Structure formats: C-alpha cells, structure tokens
1. Going through region 155-183 one residue at a time, which ones are among the polar types (S, T, N, Q) and buried (at least 22 other Cβ atoms within 10 Å of the Cβ)?
2. Taking helices (runs of 4 or more DSSP H) that fall entirely within region 108-218, which contain at least 3 residues that are in the same structural domain as ARG312 (by TED's automatic domain parsing) and either in contact with a His (Cβ under 8 Å, 6 or more places away or on another chain) or of a type in the set (Val, Ile, Thr) (or both)?
3. Could you please tell me which pairs satisfy a Cβ distance under 6 Å, a separation of 6+ or placement on different chains, a first residue in region 438-452 that is assigned to a loop (DSSP other than H, G, I, E, B), and a second residue that is modelled with pLDDT of 70 or more?
4. For region 219-242, which positions are of a type outside the set (Val, Ile, Thr), part of a helix (DSSP H, G or I) and in contact (Cβ under 8 Å) with a residue 24 or more places away in the chain?
5. Quick check on this structure: which one of GLU98, GLU120 is of a type in the set (D, E, K, R), at pLDDT 90 or above and crowded, with 23+ Cβ neighbours inside 10 Å?
6. Do you know which residues across region 308-329 are outside any loop (DSSP other than H, G, I, E, B), modelled with pLDDT under 80 and closer than 20 Å to GLU351 by Cβ?
7. Among the residues of region 312-348, count how many are more than 16 Å from ASP91 (Cβ to Cβ) and more than 33 Å from the chain's Cα centre (by Cα).
Amino acid sequence: MRFPYPRRPPLVLGTRSLSISRPNSYVSASELKRAAQAKLDLVDSVNPFPRALVDSYNRRHDYLRISLTERCNLRCFYCMPEEGIQLSPNDKILTDEEIIRLSKLFVQSGVTKIRLTGGEPTVRKGLAGIIRSLNGLRSYGLKSIAMTSNGLALHRRLPGFIDNGLTHLNLSIDTLDPFKFEFMTKRPGLDAVLKTLNVALEYPGLHKIKLNVVVIKGLNDSEVLDFVEMTKDKPISVRFIEFMPFTGNKWNKYKMIPSSDLLEMISERQPSVVRLSDEVNDTARSWKIPGYRGEFGFISSMSDHFCSTCNRLRITSDGQIKVCLFDAKEVSLRDHMRNGASDLDLLHIVERAVGGKEEKHLHMENIDVVSNRPMILIGGPAILDPLSSSPVLSPRRSRNDYTLLKARLVPAKQPRLSRNFYSSTVRLSSLTHLDGQGRASMVDVSDKPPTKRSATAAGRIIIPERAYELINASYLDYRTASPMTEAEGKVLRKGDTLTIAQLAAIMGSKRTSDLIPLCHPIPLTNVKVNLSCEASQEPQGTWKYSVVCQATVTCEGKTGVEMEALTAVSVGLLTVWDMLKAVAGKEMMIGEIVVSAKSGGRSGDFVRKL
C-alpha cells in the first residue's frame, strides 16, 4: 500500500538537513516508517536522551521514586491491609550505599528528579545523610530532590533536610478534622502535621509545597472546599487524589469520587476558577482561583488516567524496580547488585524492565489487587509503626476509632443510637446508620411491631487480692476489722462496693440513649444486675481475683436492648473501679464484656458460649 506524500522542503535542524526521495510524489509504508525514525534519531542527536529509560511507546522516564522503608507511624486504611502486612527483614532492605549507587546510575541515565517515599521516609535512620549524598549528584544532572511525608515527626528536622538539599515537599493530609484524622490514620497527630506545614512555609529553600488529599466518598469529601480555601493565603498546591485499588484496602468504585465531580462542586462555590497550563508529565490537572496565592489540582488515576505521559519509575525499599504503580511485575535490582552486577549490567536490566512497560494500566475495576503489593510496600502514603519489633504489622485501632467519628457525624438535635460499628473503610452499603450520602442517620423502626425482647451481657474486672478482701470486708463494720492503711479505710468508708455498683449499672442502662449516638430511647420493663466476687487458682499456682457483672434487660418495644445490657455492665464495672481505686488503681483491668444472650426480634434468639 502507498500513501500520498506532499512535496515539502527538507527538514532542517541546526546545520544538518534530511531529505527524502519521493518518486511520483508517493512513498511506501516502510519508507514512511524509516523516515519517521530518521527524524527521531535526528532530534535525539540534537537533544539526546539515554535509550535505557525510554519505553516502547517513546515515553522518557526522568522521574524516579525511591521508597526508603516499609515502616510508618500511621495506619491509613486505604494504604495498609486491615490484617496487617509482612515486613521485609532488615537485610532485604536497600542500604544507604545501594540507594546512592542506584540513584547515581539513574541520574547518569537521564533522571532529573528523585522523590523519597516510604512507608514514612522520616522513620529511616540516616535520612539527612541520604539527602546530602543525593545532593552531590547535581553535577550529573539531578535538578530536584523531593520527599513525600505524613509530616507527623518532621517539623523539627525539616530545616536540616532543606539545608542538605531537599527542594520539594509533599505532605499527606486527608482531613482537617482531628477526630476524622484519628479515625483514618488510627493515630492522633493532626496538630503536628499542620505544624510541619507552617515550618515548611517559612523556608524559601523549598521550591514547592504540596498537600496530598485522598478523597473518599462519605468520609472526607465534605472538606474539599476547606482545602481549597487553604490556597487563599498559602502558596501551596492542594492535590485531590482519587481513591485507588491496592491489595487489602477494600477499594470499590462507590467510594471513589471522580475528579470531575469535585471540580463541579468547587466551581459552584468559586465560578471564577481558571485552568492552569500543566507541564507535559504532570500527574495533576491544576486550577486556580484568581487572587488566591496557591492552587489546587486533581490526580485522576482512575477516571482519567495520564498513562500516555507517564515519566515515573519506582524502586521499592527492598530493591525492586516497578515501571507502573498498578503492574505487579517487578525485577530485583538488589539481588543483582549483591551478586556482583556492574553498573552496565544493571542498566541493561533497567532497560529491559522499562521496555516492557504497558501502554496504560487496566480499567480501575480490573486492576490486579491480588498479586500486586499493597500501597505501603510500593512507596506511597505513610502507614507503619517504626517502633514495632514484630515482623508482621497489624493495624492496631485506637480506643476511640469509631465513637470519635460517629460523635462528629451526628447532626445537632437528632436522636442518637447505633448498634453497628463503623468498619475501618466505611462500607456505606452495609451500615444501617448511614444514609445514601454517608451521613449519620437514625434507623426508622416505626413500621416494626412491638415485641418482648431481652438481652444479657456480662463482663469482668480483674482486681488484686487486697481489693478482693476489702470487698468482702465491706459487709462488716470496718471499725472492728484488723488494722488497715488509710487508703483501705477510705475504700470501706465509701460503702458496699457491690451494692453501689449494682445501683449504678441499673441507672446506666436507663440512660443508654443519652450516652450512645443514634440510640433509640426505649422504655425498659425490667433490669436485673448481679455482681459477684470470684477467686480462681491459675495452672501455675497463683490466684486470680475478679468481680463479675451480669445484667439482663427486658422491654416491650420495636428494637432490641443489647446496648442497654452492655451499658449496664460497663457502668457497673467502672463503678467498682472507682470504689477501689484508692488501693488498686494501677492494677485493675476491665475486659471480657460481651452480649451473652438475647431473645426476640427479627434476628432470632442466641446464647453465646463463654
């Protein structure tokens, strides 16, 4: 097949020219291909770029992300699997020397920007020295050294990093609400992150400060406008990132909000917003409100991918090269280095890996989340515990993970109660106390017929032997008891511990709807509470002393009374603690609180085996 080819002057670049013979004004397809390749070769001769970092789609990779550690001091659910992850042994993690060797090799091959990630990079020892060594690569063509951090422990160290050569900083912060922050990260610390931001703004040595915000429907999407307002007085770039699927983060498309929807929301509030011109390889589409010092943008990896201009490569903390964030294929540069590979050998390995990069990643619903790593092990937002010595990291939950967020979501003057706890990823489809927009909502029981219902709960408080003796002595006149300390006398003067705890438990059950958000107020027909002391001998011969509290609550109503029974037990055990704290405040432990039986209602009866 032949194509019409109009006659044009020869291509001229500098002092060189290229002319193509065109008999009868036509060329063959093979000649056209050769001519195109000749043009590319000529351009490369004027502005050469090493072929090792150019893939088969002619994308040039001049941006390298290096993960320094798998560890972190947060546990963001979108980054770390709920069941935790298996950490790589320390001897499998790249050493400082190996990181610098690979960095130099990539910079000499065309990389101009290096970004340090984790885990959380600030938990790695010797970070300042790594930045300083990278700064020494500027003579080979490195132009910028960036870091992505959660900012939790950065504000004191940031000036030193800047002095050593750090030029760009991305702070991961998904909410401006301290309660949501603790819910999403399983740790408190929003104030520390904002303090890092303020420190960063004071140093002109940082060329760019960006905030990374992963937006999740029903959780933090209501704060998008608040983040945009931060750009009014601060010279920062806020980047809204679509929720992305990785192993174990329970991604689904209903939690992901397309960037186009967020832009529409912002435009309704700020109709004067204007689009900024982006660099060719920018992942974010940037916008600005006239008069504002900063800007904002969208990273639309799911709804509008930017694969055609991708210039990024990744090296994981255990030395694997990944050419695409969503591709499970990896090649170990670490193993080749430790087996004696030369720089030229490593460059050939990199060239083969880059050459195998796909044109684009799969559609968001088809991305491999089975064999691909979770985000924490690739090098993205921060997640793990730097102080843990365990090889397996589990996502410990804060004691207030769920109640903190629920309390913040309850609108004013609304009835309160929920018997369902939030899952760590907020499954809107399965939570009965959320409406379609993810807002707190009371369950409507108006159509349910009243039935007889009951629930029994039980719990235990472990106490020391002396406290056990005092409880039993409280039935006697303490003035005739054996000599005792002032603290022991104080305990007995308070009264009968078990009787007072019993009354407190009954009163607590009747106030459940005032204590638990979204709880229906229920007229109770009966509350029975029993507290008893137990002493048991352990297998090793020691004795264990405790007070057991059991509460049975009944009603004629449209919903169950499990929460009332649990509240009774909890208040009863807390009262025991208060009564005995003068002599046992540091030794007591409350636990084993469960619903042991229930009857009535649609879900049927059950008895828990204890």
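1. Within region 155-183, SER172, THR175 meet the criteria.
2. The helices (runs of 4 or more DSSP H) meeting that bar are 190-201.
3. Matching pairs, first to second residue: GLY438/GLY218; MET442/LEU518; VAL445/LYS558; VAL445/THR559; LYS448/LYS558; PRO450/GLU556; PRO450/GLY557; PRO450/LYS558.
4. Matches in region 219-242: ASP221, GLU223, LEU225, ASP226, PHE227, MET230.
5. Exactly one residue qualifies, and that residue is GLU120.
6. If the condition is that a residue be outside any loop (DSSP other than H, G, I, E, B), modelled with pLDDT under 80 and closer than 20 Å to GLU351 by Cβ, then no residue fits.
7. 9
Residues checked against (1) in contact with a helix residue (DSSP H, G or I) (Cβ under 7 Å, 6 or more places away or on another chain); (2) acidic (Asp, Glu):
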{"position": "GLU98", "(1), (2)": "yes, yes"}
{"position": "LYS104", "(1), (2)": "yes, no"}
{"position": "ILE114", "(1), (2)": "yes, no"}
{"position": "SER139", "(1), (2)": "no, no"}
{"position": "ALA146", "(1), (2)": "no, no"}
{"position": "ARG156", "(1), (2)": "no, no"}
{"position": "HIS168", "(1), (2)": "no, no"}
{"position": "LYS186", "(1), (2)": "yes, no"}
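The values are calculated or read from the model by the stated rules, or taken from the named source; none is laboratory data. Just so you know, these numbers come straight off a predicted model, no measurement behind them. With ideal geometry, Cβ positions are generated from the backbone for all residues, glycine too; neighbour counts draw on all protein chains shown.
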